[in-house]
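Below: one structure, written as structure tokens.
The values are calculated or read from the model by the stated rules, or taken from the named source; none is laboratory data. What you are looking at is a predicted structure, and each value in this text was computed from that prediction instead of being measured. Quick reminder, even Gly has a Cβ in these numbers, built from the backbone with ideal geometry, and neighbours come from all protein chains shown.
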Amino acid sequence: MKNFMRYYGKRVLYMLLTLFLIASITFFLMNLLPGTPFTNEDKLSEAQLLIMQEQYGLNDPVIVQYFRYMGGLLTGNLGVSFQFDNTPVTELLASRVGPSLQIGFQAVILGTFLGIILGVIAAMKQNSWADTLATFMAILGRSIPNFVFAVLLQLVFAVQLQWFPIALWDDGFSYSVLPTIALAIAPLADSARFIRTEMVDVLGSDYIELARAKGLSRWAVAFKHGVRNALIPLITLIGPMAVALMTGSMVVESIYAIPGIGEQFIKSIQSNDYPTIMGVTLLYSTMLVVIILIVDMLYGLIDPRIRISSKGGK
Amino acid sequence: MKSNKLMQKIGIALTSVLLLSACGNESSGNASSDGAQDKQVLKLIETAEIPTMDSAITTDASSFNVLNNVNEGLYRQGPENNLVLGMAAEEPAVSEDGMTYTFNIKEEAVWSNGDPVTANDFVFAWQRLSDPETASEYSYMIDGVVKNASAILVGDKEPSELGAKAIDDKTLEVQLEKPVPYFKDLLTLPMFLPQNEAYVTELGSDYASNSDSLLYNGPFELTEWDGTGLKWTMVKSDSYWDAETVQLDQIDVNVVKETSTALNLYNAGDVDRMRMTGEYVTTKLGDPELLTEPTSSVFFFKFNQERNGEKTALANENIRKAVAMSFDKQGFTDTILQNGSVPANGLVPEGLAFGPESNEDYRAENGDLLSYAPEEALEYWEAGLEELGTDSITLEMLGDDTENSKRSLEYMQAQLESNLPGLTINLRNVPFKVRLASSSAQDYDIQLSGWGADYADPINFLEMFQSGNPNNQSGFSNEEYDALIESAQSNVDDLDARWQDLLEAEQLLMETAGIAPIYQRSYAVLEKPYVEGIAAHLTGADYSYKWAFIDNDE
């Protein structure tokens, strides 16, 4: 237990250090962007630009701005957005992150679940038509960009069949169905491919032979031993992918007119909205380091060979 | 035989699916117009969120559109883009020198909380606009117009010293810095809207952060806007002084950024009106619902005459003329833009301003000043090359890195290089912000640039190329031109003479090919046949819905 505490204490410390470095590097890189955050920049005179910049503290040396920002960060103040005048970045993120999280989460669950099933079937029925089909779908899902799926799904299931709304975001699960499926294609393809490869590997190993020799059925062995072992590399893959999906996809959000966070990130960079760039970057990286930590913890749960005690203890 | 039957079955199934979905379309369309019989509802699309509803600091099209319909200034733009009285009870009394305007505000004008609209609401809003602490990006609209605004903007005077005073509750006296011929046009714009001082002060930084933290004095009231969201609604205001003119009960607005999605929503009857981009227009050609909506934005080539302290080849007038006449504008709007935009042969857009006596469109009066004429261009080109003592010139053409801009520049490159032997054009497509930086550093040769009118007067376009104007950024300088502009900037005594000056200024700019006009932008718009009376404007907000209605007979 002591080992455990010491190990995770250290991990959290490293996480904070990572976040600090990301914030610092982003801050200085971002200041290299040409232009100003003012939308009307091309019509402003030099004198007015100076007044505006003075007002927002943009005339101060970058290092002064940096310490001011970091100071604010310690008190949880992420600044005020330029695109949405007067709106604190925390408020903007809070109002936008919900739909992205929901769709991303649904997509990861759906995609991974179907992917695992597809991968297991492919591995169990190696070189059969099911295998070919699963591989084909995986390649298709990986190589066709998700905005093509998004547009196709919209055309077929909303415009033609009218099963779901075309776009927009209202209360009700139905608005999230098509965007979820569009986003789920990538995790589905990836996990199917991974599970198949891993399963084929695992199924050929000695302990599976042993389990089979003990009289367990093929499918029981596959699920009890095969899937469990194949999950480890998959989790490494799914973790960061979940973060990417939950922080929003610009195209999918744009096609379905969803008030998510994905598009805000791109737009904040294009419009030099410094506080929002920082806010979204920090949100993204925090989620990423937390997920990585969780993934590491999950390793231990899934595979007893990778427990910390055996790592830390000599 | 068997497979034939199968095919038949599939065919029937597919057909019925298509039919069913077509029926669905039909019925949803009917439902919306049926519902409209008791309730007039207009369903619209915006392509961007509302960044803020604070009229002193906002700059974008979405918020302008809402502000113009939920609030009202002293004037508003009418259905024909004419000036109509808004909060002003009648035309103001203007002093002899044209420097003092006295407005009476309508007795019956009230805010949505019941407070009367007072002279102080205007004074307060305009002081906020000029206060450097507000950091308004549109403060330049009041700069040099209302007395002391310039000094207040740079912090030399207090906002309370602004030349706008409330004589009593309903009497507003405005003193100007100098006579401003287009002053009344300015008063239709969102930054000159009134704000209720007690309310704004009470809410502090929460003011205008959502639809519940705003007051309205216009034809509609904003509801269901959460401050950053993708939808909002405008409902008819009962407290508006002219409420009986307003026929729409409700306007639903959704933000849809993707044109293909908007088109699907339009086809399904979920949306009554939308703008389209070029590639989608071709799919709707010949459709009676496809309309063209002109804008005041004119696009042109800026010719940089001095780069890095050295004169460029474009400092030579013959070279400039040659370039300006060597690209086919009609071909450009027809094949590249495809959205109804029209070739421009002058700087001032069509439909913007009309002569004080002739009442004729500025564009019609000045006509085509700099058109496509490849043979003439070749003569200028050869003369220019001879004057420069060279037989080849390389120029860099600067533009945005959008798909549209890239295609535009490629077209221009091909046109210019084929019409002018010895000319090499290198393209540089950069992000918008980088282009602006290159422009202000005069680090380019030719630049694809554009300007949209801030207010309805030709001076707004022409003064850009006055020597020393911050927007000039091209080294164009002509004493005669400067004199004409200067006189037109403040001449209110003889509006006809001023008009002549303005006409002459553009002629001069075109004769010397200081810039090369390319096109005036239009939007391709889809509008359901039952939508009537939406007023589209060239300056300020794009639309007024005060006179719009749903025609149930369509």
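Output yes when any residue across the range B:201-212 is of a type in the set (V, I, T) and either in contact with a strand residue (DSSP E or B) (Cβ under 6 Å, 6 or more places away or on another chain) or in contact (Cβ under 8 Å) with a residue 24 or more places away in the chain (or both), and no when none is. No: the range B:201-212 contains no residue that is of a type in the set (V, I, T) and either in contact with a strand residue (DSSP E or B) (Cβ under 6 Å, 6 or more places away or on another chain) or in contact (Cβ under 8 Å) with a residue 24 or more places away in the chain (or both). Only one of the listed residues (A:G104, A:G72) is in a helix (DSSP H, G or I), at pLDDT 85 or above and of a type outside the set (F, W, Y). That residue is A:G104. Can B:D482 be described as touching a Pro at 6+ places or on another chain (Cβ under 9 Å) and surrounded by fewer than 18 Cβ atoms within 10 Å (Cβ to Cβ)? For B:D482, the condition - touching a Pro at 6+ places or on another chain (Cβ under 9 Å) and surrounded by fewer than 18 Cβ atoms within 10 Å (Cβ to Cβ) - is not met.
Within the range A:23-56, being modelled with pLDDT under 80 and small (G, A, S) holds for A:G35, A:S45, A:A47. Close Cβ contacts (under 8 Å, 6 or more residues apart or on different chains) running from residues in the range A:156-173 that are more than 9 Å from chain B (Cβ to nearest Cβ) to residues that are assigned to a loop (DSSP other than H, G, I, E, B) and surrounded by fewer than 16 Cβ atoms within 10 Å (Cβ to Cβ) comprise A:F157/A:W163. Taken residue by residue, the range B:462-485 has at least one member that is outside any loop (DSSP other than H, G, I, E, B), within 14 Å of another protein chain (Cβ to nearest Cβ) and out of contact with any helix residue (DSSP H, G or I) (no Cβ under 6 Å at 6 or more places or on another chain). Taken over the range B:213-238, the residue count meeting the criterion of being in contact (Cβ under 8 Å) with a residue 60 or more places away in the chain, polar (S, T, N, Q) and touching a strand residue (DSSP E or B) at 6+ places or on another chain (Cβ under 8 Å) is 2.
The criterion of being outside any helix (DSSP H, G or I) and crowded, with 18+ Cβ neighbours inside 10 Å holds for A:P259. Scanning the range B:405-456 for residues that are among the acidic types (D, E), away from chain A (no Cβ under 14 Å) and within 23 Å of B:R521 (Cα to Cα) yields a total of 1. The requirement of being more than 14 Å from chain B (Cβ to nearest Cβ) and surrounded by fewer than 22 Cβ atoms within 10 Å (Cβ to Cβ) is satisfied by A:D190. For the range B:446-454, the count of residues that are at pLDDT 90 or above, outside any strand (DSSP E or B) and closer than 19 Å to A:E46 by Cα is zero. Scanning the range B:48-62 for residues that are among the hydrophobic types (A, V, I, L, M, F, W, C) and either within 24 Å of A:G260 (Cβ to Cβ) or at the interface with chain A (Cβ under 9 Å from one of its Cβ atoms) (or both) yields B:A48, B:I50, B:M53, B:I57, B:A61.
Taking (1) modelled with pLDDT under 80; (2) touching a strand residue (DSSP E or B) at 6+ places or on another chain (Cβ under 8 Å) in turn, A:D171 satisfies each apart from (2).
Could you count how many residues in the range A:59-97 are free of Cβ contacts under 8 Å to residues at least 24 places away in the same chain and within 11 Å of chain B (Cβ to nearest Cβ)? Qualifying residue count for the region: 7. Restricting attention to the range B:63-85 and to residues that are among the small types (G, A, S) and farther than 16 Å from B:Y101 by Cα, the residue that is surrounded by the fewest Cβ atoms within 10 Å (Cβ to Cβ) turns out to be B:G78. Could you look through the range B:308-357, keep only residues that are free of Cβ contacts under 8 Å to residues at least 12 places away in the same chain and not in a helix (DSSP H, G or I), and pick out the one that is farthest from B:E417 (Cα to Cα)? By that ranking, first place goes to B:F354.
Only one of the numbered conditions (1) under 26 Å from A:G57 (Cβ atoms); (2) not in a loop (DSSP other than H, G, I, E, B) is violated by B:D156, and that is (2). Considering only residues that are touching an Asp or Glu at 6+ places or on another chain (Cβ under 8 Å) and under 15 Å from B:K311 (Cα atoms), look in the range B:385-414 and name the one that is surrounded by the fewest Cβ atoms within 10 Å (Cβ to Cβ). The residue in question is B:E396.
Selection of first residues in the range A:130-149 that are in contact (Cβ under 8 Å) with a residue 40 or more places away in the chain and of second residues that are outside any helix (DSSP H, G or I), restricted to Cβ pairs under 8 Å at least 6 apart or on distinct chains, gives the following pairs, ordered by first then second residue: A:D131/A:K125; A:N146/A:S249. Of all residues in the range B:517-554 being basic (K, R) and either in a loop (DSSP other than H, G, I, E, B) or free of Cβ contacts under 8 Å to residues at least 60 places away in the same chain (or both), which is nearest to B:F461 (Cα to Cα)? Among those that are basic (K, R) and either in a loop (DSSP other than H, G, I, E, B) or free of Cβ contacts under 8 Å to residues at least 60 places away in the same chain (or both), it is B:K546.
If we keep just the residues of the range B:229-252 that are within 14 Å of chain A (Cβ to nearest Cβ) and crowded, with 23+ Cβ neighbours inside 10 Å, which is nearest to A:E263 (Cα to Cα)? The extreme case among them is B:L230.
Return the pair list, or none, for Cβ contacts closer than 7 Å from residues in the range A:198-218 that are under 21 Å from A:L234 (Cα atoms) to residues that are assigned to a loop (DSSP other than H, G, I, E, B) and acidic (D, E), at least 6 apart or on different chains. Note: no pairs meet the criteria.
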